[in-house]
1. Being assigned to a helix (DSSP H, G or I) and farther than 19 Å from His132 by Cβ is the filter here; which residues of segment 58-102 pass it?
2. Within segment 149-172, can you find the residues that are surrounded by 14 or more Cβ atoms within 10 Å (Cβ to Cβ) and among the aromatic types (Phe, Trp, Tyr)?
3. Within segment 70-82, is even one residue free of Cβ contacts under 8 Å to residues at least 12 places away in the same chain and open to solvent by 30 Å² or more (accessible area, probe 1.4 Å)?
4. Find the residue count for segment 9-57, including only residues that are part of a strand (DSSP E or B) and surrounded by fewer than 16 Cβ atoms within 10 Å (Cβ to Cβ).
5. From the list Glu98, Glu170, Glu158, pick out the single residue that is more than 25 Å from Arg18 (Cα to Cα) and touching a residue at least 24 places away in the same chain (Cβ under 8 Å).
6. Could you tell me which numbered condition Gly177 fails, if it satisfies all but one of (1) modelled with pLDDT of 95 or more; (2) loosely packed, with under 12 Cβ neighbours inside 10 Å?
7. Pull up segment 137-148, narrow it to residues that are open to solvent by 30 Å² or more (accessible area, probe 1.4 Å) and assigned to a loop (DSSP other than H, G, I, E, B), then point me to the one that is farthest from Arg21 (Cα to Cα).
8. Could you please find all residues in segment 128-142 being in contact with a helix residue (DSSP H, G or I) (Cβ under 7 Å, 6 or more places away or on another chain) and closer than 28 Å to Gly49 by Cβ?
Amino acid sequence: MALSTVTYLELTSPDQIRPARTPKDPVEIKRVEEISPEFSRFLYASVGGDWHWSGKLPWTWERWIQWLSRPGFETWVPYVGGTPAGYLAMKATGTEVEVENFGLLPGFIGRGIGGHLLTIGLQCAWTMNERHPGIAPITRVWLHTNTLDGPNALANYEARGLRPYKTEDEERPDADGPPPGPWPGAERPRFGG
């Protein structure tokens, strides 16, 4: 059984965000305003396929609708040349926001887009109560990553000002073999694996 080390990181003030440089390529970051299980599953599988993101792959259409319809949930997508390059999904609960998923499609890794998306996403996390009635002012933004994620994930989070506050080891039976890739039979070179 594969073993992974999980690192939890947090911001306790928006002043702690350290913005990334603006990418060389023009990037337009938009909040997803329509609920689309098909688009969300595409992002999840395409971004996470190389990093053993498999938990949501068997979800039904109805389960995706439930996940996307939760109060205080947002998805932000960077577009480069009209193409979605990745996403950041986050959920406000009480006075906290968890960044639930974050990453780029393989062809956009290494172009400065991830740091820029994370900067904008973290800034937007601190203002979620302005977009969602009933959410209290935010006091903490947090996320977790693990050693199965992209090799630059932890460094990117720390470079944006997120501070580790806890680590733990977890057994990952879903990570015993190679990662699933973006779809069955994609048979293309994997990044980082």
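1. Trp61, Glu62, Arg63, Trp64
2. The one that is surrounded by 14 or more Cβ atoms within 10 Å (Cβ to Cβ) and among the aromatic types (Phe, Trp, Tyr): Tyr157.
3. So far as segment 70-82 goes, yes, one or more of its residues are free of Cβ contacts under 8 Å to residues at least 12 places away in the same chain and open to solvent by 30 Å² or more (accessible area, probe 1.4 Å).
4. Within segment 9-57, residues that are part of a strand (DSSP E or B) and surrounded by fewer than 16 Cβ atoms within 10 Å (Cβ to Cβ) number 3.
5. Glu170
6. (1)
7. The residue in question is Pro137.
8. Val141
The values are calculated or read from the model by the stated rules, or taken from the named source; none is laboratory data. Predicted model, so just to flag it, every value in this text is computed and none were measured. Ideal geometry is used to build each Cβ from the backbone, glycine not excepted, and the neighbour counts take in all protein chains shown. Surface accessibility is based on the protein's heavy atoms, side chains included, excluding ligands, DNA and RNA. Shrake-Rupley method; radii C 1.70, N 1.55, O 1.52, S 1.80 Å.
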